[in-house]
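Report on the following structure.
The values are calculated or read from the model by the stated rules, or taken from the named source; none is laboratory data. These numbers come from a predicted model, not from an experiment. Cβ: placed from backbone, ideal geometry, glycine included. Neighbour counts: every protein chain shown. When the accessible area is computed, the model is the full protein with side chains, heavy atoms only, and any ligands, DNA or RNA have been set aside. Shrake-Rupley method; radii C 1.70, N 1.55, O 1.52, S 1.80 Å.
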Amino acid sequence: MTSYVGRGTPVFEFILPDECIEEANHTIDNWMESGKESPQGSNVVARQTDWTLPLPLCEAYASLCCKMISNLIYNAGGRLYGGLNDGTTDVEYDVKNTWGADYGPGDYVKPHCHFPADWAAVGYLRVEEGASPILFDGNSPYYVTARQLLIFDARLIHEVPPTQAHRRCFAMNLYKRPGTF
């Protein structure tokens, strides 16, 4: 499904497979139980993992979703997100950063974007009733549910206002693989 936010920017929605949800929850649980400190200088004001969380199943799924988006946009006549000059759309994506976060009441995310990445992806693992939406361009609330994977242009400014309920997610930055575009 595709929604349009802010100034008409698309946000692409996918459903996370069970194996991705299990992998992410298990990996985040292990990191949280390790007692490590959340990274300094993050936009996330909540309990957060470091930016090198190993989620190979989630990364592969998000990369495939980005390739599908690129193919869809290219075939519709756009070259913003991919497509080769020879008419093919064999663009591949690599994940360079992956992290997880647990939000409790009062936690939030400061406005930011993920540039210079091509895509940003956020997978929602747990979302209690009353959890804050993600805001795009400061005024387009997007109410998420568990199992959703949102993928959007990494230049899109987004934030999460202070939440009243628990939510858990993972996020990642995706870049076009050199030589495939």
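Quick rundown of the values:
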quantity	calculated
Candidates Asn97, Asn75, Asn71 - the one that is at pLDDT 90 or above, farther than 21 Å from Val144 by Cα and of a type outside the set (Gly, Ala, Ser)	Asn97
Selection from region 44-61 of residues that are surrounded by 16 or more Cβ atoms within 10 Å (Cβ to Cβ) and assigned to a loop (DSSP other than H, G, I, E, B)	Ala46, Thr49, Leu53, Leu55
Residues located in region 134-160, provided they are within 20 Å of Trp99 (Cβ to Cβ) and assigned to a loop (DSSP other than H, G, I, E, B)	Val144, Ala146, Arg147, Ala154, Arg155, Leu156, Ile157
All positions within region 161-181 that are in a loop (DSSP other than H, G, I, E, B) and either open to solvent by 40 Å² or more (accessible area, probe 1.4 Å) or among the acidic types (Asp, Glu) (or both)	Pro162, Gln164, His166, Arg177, Pro178, Gly179, Phe181
Options Glu19, Glu23; residue that is at pLDDT 95 or above, in contact with a helix residue (DSSP H, G or I) (Cβ under 8 Å, 6 or more places away or on another chain), of a type outside the set (Phe, Trp, Tyr) and open to solvent by 50 Å² or more (accessible area, probe 1.4 Å)	Glu19
Filtered residue count, region 110-155, keeping only those that are in contact (Cβ under 8 Å) with a residue 40 or more places away in the chain, over 21 Å from Leu55 (Cα atoms) and open to solvent by less than 10 Å² (accessible area, probe 1.4 Å)	1
